[in-house]
Structures are given as C-alpha cells and as structure tokens.
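The structure appears below as structure tokens.
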Amino acid sequence: MSFPNSIRTILLVAAAATAGWIAARTLPAKPDSTPSAERRVLFYQSPMHPWIKSDKPGDCTICGMKLVPVYEGAAAEPAAGNLVTLSAQSINVLHVATAPVKREPLRRSLHVAGQIDDDDSAHRRLSATVEGRIEKLFVPSVGAEVTEGQPLVSFFSRELIVARGEYLLALKQPPSPEREAGLAGSRQKLRRMGLTLAQIEKLPEQTGDNIELLAPKSGTVVERKVYEGQYVKEGDVLFEIADFAKMWFVGDVYERDLAWIKIGQTVEISTPTVPGKTYTAPIEFIDPNVMMDTRTARIRVVIDNPHVGDPARHRHELLHRVYANGVIRVETPETLTVPRSAVLATGANPLVYVVKAEGVYEPREVKLGRVGDDFYEVASGLAEGENVVTNGNLLIDAQAQLNRGGESVAPARTMTSDLTDTQREAVREFFVFADALAQRLAADDLAGFNQLAKTAAENRARLTAVFGDEVPAVASTLDLREAPDLPMARKAFQPLGDALVPWVAQLRARDPAFATVKIYRCPMTADSFPGAPAKAAWMQLSAPIRNPYFGREMLECGGEVKP
C-alpha cells in the first residue's frame, strides 16, 4: 500500500528542504561573487531550494538564503529520459552514498519469542487405584520437589485392607504349589492397587490400616488435586509430577519466516531469569499447523536444565513457563543482493537509484526475494557490479520529481480503493498501537515498550485478517521482540516508524477520519542507536511533538511534516 504522487512529492521535498537547511548552516561558506579564474561559474543555486537558479549572485526568492555557485564541470550534462542529474554541490548537500550490487550469502537472524515449558512427554500422573480417603498429605503444595519412592499421601481404603488380609492369610499357609499361586495372585492384586514390591514385602510388619502411596518418579509436583480428609474414587487424579531436568523452548515463528527454518538448526535461547547465559540446542520439531489468530507456527527445542547450587532458591536454573527469546542465525547460498537502505517504497513497486555516471542516477524498479538483516535478495532488475544509492536516495527521488514538475519517476503507488468501515476501524486500532509504542520510547519507558511489543503479532494478524491480499506493507515491520535496552528498542521501532509515514500521508489525504494524524521528522537521529539513519520519521495521533528516538534527552527535536 502506498500514497499519491502529490503527497509523496510534498513529503520528499520537505525532506530535501530539511537536509538543505542543515547543510547550508554546516558547510563552510564559499565566495559567491569572486569565483576562481581557473573555474568558470555556470550559475548560482539555492542550497535549500535547488530549483531556484540565477546567472548572478543573490538571495533565494523563497527562503532568502545566499545562492551558491555551481562551477563548470561540477554539474553533469542534462540526461535523457528518467535520469536524474545532480551537481557536486547537491551531492554534498544530500550526503549521497553508494554501494555495489554483489553476490554473497544472505544472512538473517530470526528472533523467535516463546517460553520455557516442561517436557510433557516426561509427565506422570498419580491416580487413585482404589476408592478410599486421604488421611494425610506429605506434599501439601504445588512446586514441591519429590524423589522416587517418597511418600505422598497416607491412604485408607477398605479394598486395600481386604487385599492385604488375603495376602497375609496366604503367607500363613504351609509351603505348596497352591500357596505360591495364591501369593502370586495376591501380590499382583496389591500391585494393581498401587503398592510397590517393597511395600508388599513389609506388609506383615505394618501396623494400622493406612497405606502410603509413593512417588512413582523424581520430579516437581505441578498439580495437586486432593486435600486431607477427601474421599476419592478409582481413577481420580491425585498429583501430576514433571521432570524439569530437561525443558522445552516453545517459540512462535512467523509465517513469512518458515521458509528459513528446518529441523536441526541451532537456536540460541536466553531468558531474563538467567541473565547473561545463552542456551544452545537444535530444533527438534516444527509444528505443521499455522495458528490462525497469530499466523505463526511453533517450534520445539529441548534444553538441558542444570541444577543450581543454592537449594534455598529452586532445584533448576530454568523455571517453568518463563518468557524466553530464541535467535536462529540462517544463511543462504550466494545470491544477488542489494543493501536494504538502497530500496525505496518496499511494496508492490520497489525502487532503487542506479549510478550511471558521476552525478547521474537512474530510477529502476526491482523485484525482491528474501529479506536478510542488511540486504534484500534481488530477483530481477539489477546486475552484479552496478552501484546503487544507499543514502540520499529519498532526496534524489524528491529532486527527480521536482525536475519533472512533481511527477514521480516511478509508477504511482496508490491505494486501489477506499477503506471499508471494518478496515478503517482496524487502521484506527493499529495507529493507537503504533502511537503507544512511540510514546513509550519518548518517555524512556523500556518496560512499557516491551509489554506492547508482545502484542505486535496480534496487531499484524488483525491487519492481515481485515485487508487480505491488500494488507499494507507496514505489517511486514511488526517483528517486534523484547528489547534489552532503549537503543535496541528504538532500533526495533524504526522500520515501523518509517513504514507508517507514507501510509499515514496517503490516508490523511484521502480519508477525513485520519486528517488530524501527525507526521514528525527528526533530521539528526544518527546517534539514537547503533546503525541509525541520519534522519527518521514517525506518526503521532496528536501534538505536541514527542521524539521517540531521543526521549527525554531531546523530546522536542524535529519538526512536523504538513499535509
């Protein structure tokens, strides 16, 4: 989903104007009335509004800034067709950077949110084998650690008393084949009633009518369903015991990422409850069923859960049902790649600017394949060795539109139809979610951001369900995970913030319901997190500006992008 050419032009011109304003105040001034005898001035140009030109020194008729000289040789010859030409001065102002298209492995770090669960194949339920009454509980609470053979309850049962009497009577008979057959039958009956062989052997020494039911295995009591004095019937569950020596990491993989994963890949697992430690283990199972509400499929990894040295805490490092994060690092064979920063409007018609000569750029549509951490796979549209613009391409696109009287050099990227009432409500809910994320970052509230990030999959599912095949491109940015610190939270938010801007611009131009939504842009976000772009934009439901990239440090840094 994209937005009309007129709105796109306004946004990009505003970006160009912001860059020009900053450059004009940071670049050293050059003499504009006494050019070098060795270099002939072709014309004078406004650094903020490059379409304002003059054959003599003066001031920009729009902003009043001094015109700067463009020297012979600094500007490329006019190019034909859709080629965009820039002078050396404009290249400096726009901070244009390029990178080659090359063949290399596509690397991706898939972040998988999930939880630590117990191995349910190692569960054991202790059920009542006969009718009776619980006289005493030796394990009164869930979470207790038990060992195999440890008494769990003292149990009174008339059937057990009768079976015990039959066994004791058989013991008193003189040795004979009939006596041995009777003893074997009595032992088998008592075994079916839940007694162990050791308990049966000690029955002649036992006093009293109660029988102790023992733990069938060592582990942790995860469920207790009885109380002292309670009557139970045959088959009633008394306890459930789990073995926490091995745990499962159960994670949700987004539908779009399933093509990357396979059985046996190593997963790096971390959890806030064991800070600083990473558990590594292979994927053992991939659920073939995709959950309809979240559009995810679950993977399972089995992890060793070592004992802790402090018995006052708990027996094992990993606790049951705690949140955990998994990272799967995948790599494809060599393929043709282009830097992600080179691609504009990653929707139906992705666009890159290819360097044709010094200062000459060609807009070209490309088809993209898989998405890596830093690169896209190129399906068609580019050749190995071609150079593409990785920084300044948005402003080059703005200049291209100015050169063509506001007409985009690429086919229009517009909505195909107006929103339905259901879609409009879904968009409104999504904007509330995105605005809340930005507000948490503006308030330096990492915990609040992480809490909201957990609902990203639900918001993505809502958009997908409502829009179907026309789901907006912003949905692909909803791969939010719990962030360890604010810089990483801002890094996770930035693709969503950038993707929202063109969508918001289009919607508020076409739909009165969104006319009051704000767009803000900060021109100095390079230091907000590692690898941050020089400038970034975001949407807010209302004023005043609250910068999510700097928070309280520079809360009002930036300016509004008007419709």
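The values are calculated or read from the model by the stated rules, or taken from the named source; none is laboratory data. Since this is a predicted model, take the numbers as computed values, not measurements. With ideal geometry, Cβ positions are generated from the backbone for all residues, glycine too; neighbour counts draw on all protein chains shown. These accessible areas exclude ligands, DNA and RNA; they are computed on the full protein's heavy atoms, side chains included. Shrake-Rupley method; radii C 1.70, N 1.55, O 1.52, S 1.80 Å.
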Original post:
So, in the stretch 463-497, of the ones that are more than 23 Å from S270 (Cβ to Cβ) and small (G, A, S), which residue ends up modelled with the highest pLDDT?
Top reply: G497
**OP:** Considering only the stretch 314-365, give the strands (runs of 3 or more DSSP E) lying wholly within it that have at least 1 residues that are more than 22 Å from I283 (Cβ to Cβ) and within 22 Å of the chain's Cα centre (by Cα).
**Re:** 323-339
Original post:
How many residues are open to solvent by 40 Å² or more (accessible area, probe 1.4 Å) and either in contact (Cβ under 8 Å) with a residue 12 or more places away in the chain or assigned to a loop (DSSP other than H, G, I, E, B) (or both) if we restrict to the stretch 503-522?
Top reply: 6
Original post:
Can you tell me how many residues in the stretch 92-134 are more than 30 Å from E234 (Cβ to Cβ) and of a type in the set (K, R)?
Top reply: 4
Original post:
In the set L197, L190, L214, which member is of a type outside the set (D, E, K, R), in contact with a helix residue (DSSP H, G or I) (Cβ under 8 Å, 6 or more places away or on another chain), at pLDDT 90 or above and open to solvent by 20 Å² or more (accessible area, probe 1.4 Å)?
Top reply: L214
Original post:
In the stretch 120-145, what count of residues is obtained for those that are assigned to a loop (DSSP other than H, G, I, E, B), over 12 Å from A242 (Cβ atoms) and open to solvent by 40 Å² or more (accessible area, probe 1.4 Å)?
Top reply: 5
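Residue-wise test of (1) free of Cβ contacts under 8 Å to residues at least 60 places away in the same chain; (2) crowded, with 18+ Cβ neighbours inside 10 Å; (3) in a loop (DSSP other than H, G, I, E, B); (4) in contact with a His (Cβ under 8 Å, 6 or more places away or on another chain).
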residue	(1), (2), (3), (4)
G251	no, yes, no, no
A259	no, no, no, no
V267	no, yes, no, no
T294	no, no, yes, no
Original post:
Only one residue in E228, E148 is open to solvent by 30 Å² or more (accessible area, probe 1.4 Å), in contact with a Leu (Cβ under 6 Å, 6 or more places away or on another chain) and assigned to a loop (DSSP other than H, G, I, E, B). Which one?
Top reply: E228
**OP:** Those residues that are exposed (fewer than 13 other Cβ atoms within 10 Å of the Cβ) and part of a loop (DSSP other than H, G, I, E, B), I need them from the stretch 151-174; list them, please.
**Re:** K172, Q173, P174
**OP:** Find all pairs meeting these conditions: Cβ atoms under 6 angstrom apart; at least six residues apart or on different chains; first residue within the stretch 550-563 and closer than 16 Å to A442 by Cβ and in contact (Cβ under 8 Å) with a residue 60 or more places away in the chain; second residue part of a strand (DSSP E or B) and open to solvent by 90 Å² or more (accessible area, probe 1.4 Å).
**Re:** none
